[in-house]
Amino acid sequence: MAESPPLPISTPHAHTAPATPPIATFVFRAFISRLSSSLRQGFSDRRPWSELLDRSSISRPESLSDAYSRIRKNASYFRVNYVTLIALALALSLVTHPFSLLVLLSLLAAWSILYLFRPSDQPLFLFGRTFSDRETVTALVVLTVFVVFLTSVGALLISSLTVGLAVVCLHGAFRVPEDLFLDDLEPRNAGLLSFLAGGPAGSRL
């Protein structure tokens, strides 16, 4: 009597652990979450634009010291509105100059990919050579200085910031701050740029 062939026995495949996203993904998500939270909190302190543009509170300052005092008080009260105005002036200048906007976006991408969101345990490898963090930062700083100070991008940024600051100072000098609740103001650490105070774990910020 012929023996029957042995039945094939299938062994279950070993459970493969799902691939975990790279550390840079977590760092980027934490950074975006912190940034959006800071922006929402910062804009929640914004004063009504109708109060900023109240024509009945506009008058010429009596002296330079009076103008300086008004600017200080208004800057403390309308700080979020003023930052928004300066940012709008900067954004308008960049939108009307697409080349400068493209250069700045490329510079930001270089910082993000090559240093900020690159895992610290993975050295940068380019052109057949491994670069240390110090060499990477040095190269990025030199590139930033060249772009900002030795090209037309720097002149555009400085001019737009100057225009924004001039508008803010002009408004602050002519806006009478007596009707503002300056005594109720409390120093706030959170704001539009508070996310830079402490970066997410694992990042280089």
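Please verify whether LEU88 is open to solvent by 20 Å² or more (accessible area, probe 1.4 Å) and farther than 14 Å from VAL167 by Cα, treating the condition exactly as stated. It would help to see each step written out before you state the result.
Values: open to solvent by 20 Å² or more (accessible area, probe 1.4 Å): yes; farther than 14 Å from VAL167 by Cα: no.
Here the answer is no, as LEU88 does not meet what is asked.
Yes/no matrix, rows are residues, columns are (1) at pLDDT 85 or above; (2) of a type in the set (A, V, I, L, M, F, W, C); (3) not in a helix (DSSP H, G or I):
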| site | (1), (2), (3) |
| --- | --- |
| ARG40 | no, no, no |
| PRO61 | yes, no, yes |
| SER69 | yes, no, no |
| LEU92 | yes, yes, no |
| PHE99 | yes, yes, no |
| ALA109 | yes, yes, no |
| LEU114 | no, yes, no |
| ARG118 | no, no, yes |
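Among the residues of the stretch 22-32, is any at pLDDT below 85, open to solvent by 80 Å² or more (accessible area, probe 1.4 Å) and among the β-branched types (Val, Ile, Thr)?
Yes, the stretch 22-32 contains at least one residue that is at pLDDT below 85, open to solvent by 80 Å² or more (accessible area, probe 1.4 Å) and among the β-branched types (Val, Ile, Thr).
The values are calculated or read from the model by the stated rules, or taken from the named source; none is laboratory data. Please read all numbers here as calculations on a predicted model, not as lab measurements. Just so you know, the surface numbers come from the protein's heavy atoms only, side chains and all, with ligands and any DNA or RNA stripped out. Shrake-Rupley method; radii C 1.70, N 1.55, O 1.52, S 1.80 Å.
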